[in-house]
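Here's the structure we're looking at; comments come further down.
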Amino acid sequence: MSAQKKDIAVKQSVTTIVARSLIGILFLAVIITGFAIFTFASSLNDAAAINTSGSLRMQSYRIAYDIVLDSPRLPEHIESFETSLLSPELVILDNFAVPMEIRDRYNSLISRWILLRPELESQDRGFYVEQVGLFVNDIDRFVYALQQHSENKLQVLALVGSVGLGLILALVLFLIHYTQRHIVNPLNMLVKASQKIQNREFDAELPPVKNNELGVLSNSFALMANELKGLYSNLEQKIENKTQKLTKANQSLNVLYDCSTQLSSTFLTRESFEKILAITLKADGVEALALQAHNENQTDWEISAGEPTEDEWRSLPLELDGETLGTLKWQGNIDIVDHVLLSNLAAIFARGVYYNHAQKQAMHLAVMEERATLARELHDSIAQSLSYLKIQTSLLKRHLKVIDAPDCKEIADDISEQLRIAYDQLRELLNAFRLSLTHADFGLALREMIDALQSQTDANLSVSAEMDTLSMDAQRQMHILQIIREACANAIKHAKATNIRVRCFQHNHQACVEIVDDGVGFSLREEKPDHYGLNIMQERSVMLGGELKITTAPSQGCQVTLTFDLN
């Protein structure tokens, strides 16, 4: 649809041509009608003139008949003939509209009658009888001339009517053709173009531009269509941009909502953070993500998602209340990525890392409080009872020495030994329950416990913690720490080891803890009733859903291996 750049002046007005055609049709109709009326008006007297002139023949013969019979009515018939000859119907023929031949013949008849009438009034009337035949012939020629004149007028009327109707028909056909070509077809094209514009199609065919009203209308319509096309294209672009922004904002809100939903779980685990990273990957332009937690109050750990490339990593700090808790690194299209979304996600991850640590700290404090409470209860109840029984057993042994009862003394010694064993076991349990760790993070708590043991021995203790404990609750961490503590305590007290190495690592989703010492070792075949700590270690490994394996031999040191699933 092309639009003209300049205005078009009306030089060939359609309305003017149509109006002229209609005026021409009206003019021809008026001429034909007027001519017909005039012809009919002039023909009204023709019939009467023909009838009257025709009666003159009969009257001429009647006068001749009266002369032959000598009829007394001859004067009456003569007056009647003259009256008919000079009747108004015939007298009116003497005007310019009547052909000269008719007027001449009529005047000739009057002149002939003027010559014949005196003969009729004389006694010699035979001359009339002799001339009546010629006179009637003149009357016949006059009647024939009148009849011919009337027929000529009707023929002229028919010819004029035919020509007029032909001209009217030609004008009508011209007007129909002109209207169809210059009005109807352009209007139909404009209607179709307007319908296409309603259907958002702006390339419809328009009438050719001409110097008339419809040409001006077509030019204006084309200009309007082009303006509408530009406005609509601009509006579509704006709507598309707004839609993309709203879609992106909605997607960002969904991502933030889903991430916030994951943070609202009861206990944040590694799986929770992995789900949050997977949700973040749905954002446009993000191809890979890596979450790194590095804080002095917990062990560093990292979780990644996506397919990283060789492109440069971009990072955002995980900050909460001015404290940096880690880093969120990402790869992707910097022009597409919603940086505000990533900043909000960094804030969410910061809260998640903080909440994870806070949850562990709260659970750690709850476990420690529970264990301290149990230690107090054991100390205030069973420990006091065992101490009292030890005192009573000592008094019993003194009395048995006085009365010299060897059998009773042996029983008393056995009771005393069992009380000592029970008391030692209780003391070990109290020491285990009173294990106080200030850090809820496994790695830091392990180093704190090793440092405490290192201060109690000259043996060299080394520790390596590479195990992911992000999803591990405080109860499981406490069981692992107790197993490590018991193994290290046995190596220090019983094995007399000089080097003790603690190593925590993982393979896929299985964790492994190794405690290796270079002490004297022992034989697994010999039962050691006093070594009840090994049984407690086995029980703790069962609680972890893992397996505890002890590899040792006399003078070959000892290796304690704990394996369990992190899930």
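In sequence order, region 334-348 has phi-based couplings of 5, 7, 9, 4, 7, 5, 5, 4, 5, 5, 5, 5, 4, 5, 5 Hz under the Karplus curve 6.51 cos²θ - 1.76 cosθ + 1.60, θ = phi - 60°, and Gly or Pro positions carry x.
Put the Cα centre of region 179-197 next to the Cα centre of region 86-102 and the gap is 62 Å.
Ranking of TYR257, TYR178, TYR354 by neighbouring Cβ atoms within 10 Å, starting from the fewest: TYR257, TYR178, TYR354.
Here the Karplus curve 6.51 cos²θ - 1.76 cosθ + 1.60, taken at θ = phi - 60°, turns the phi angles of region 112-120 into couplings of 5, 5, 4, 6, 7, 5, x, 5, 6 Hz, with x standing for Gly and Pro.
Between their Cα atoms, which of LYS196/LYS245; LYS245/LYS282; LYS238/LYS282; LYS282/LYS329 are more than 19 Å away from each other? Pairs exceeding the cut-off: LYS196/LYS245; LYS238/LYS282.
Would you please name the trypsin sites (Lys or Arg not before Pro) within region 465-522 that are DSSP coil residues with at most 15 other C-beta atoms within 10 Å of their C-beta?
Working: sites: ARG476, ARG485, LYS493, LYS496, ARG501, ARG503; in loops: LYS496.
Answer by residue number: LYS496.
Ordering LEU217, LEU109, LEU134, LEU446 by the number of other Cβ atoms within 10 Å of each residue's own Cβ, fewest first, gives LEU134, LEU217, LEU109, LEU446.
With neighbour counts taken as other beta-carbon atoms within 10 Å, the residues HIS509, HIS77 rank, fewest first, as HIS509, HIS77. With bins 10 Å wide beginning at 0, the percent of Cα pairs of region 439-567 falling in each bin runs 13, 46, 34, 7.
Measuring between their Cα centroids, region 334-352 and region 475-506 lie 42 Å from each other.
Every read-out reported here was derived from the displayed coordinates using simple, explicitly stated rules and does not represent laboratory data. Nothing here was measured: the structure is a model prediction, and the numbers come from that model. Neighbour counts run over all protein chains shown; Cβ positions are idealised from the backbone, glycine included.
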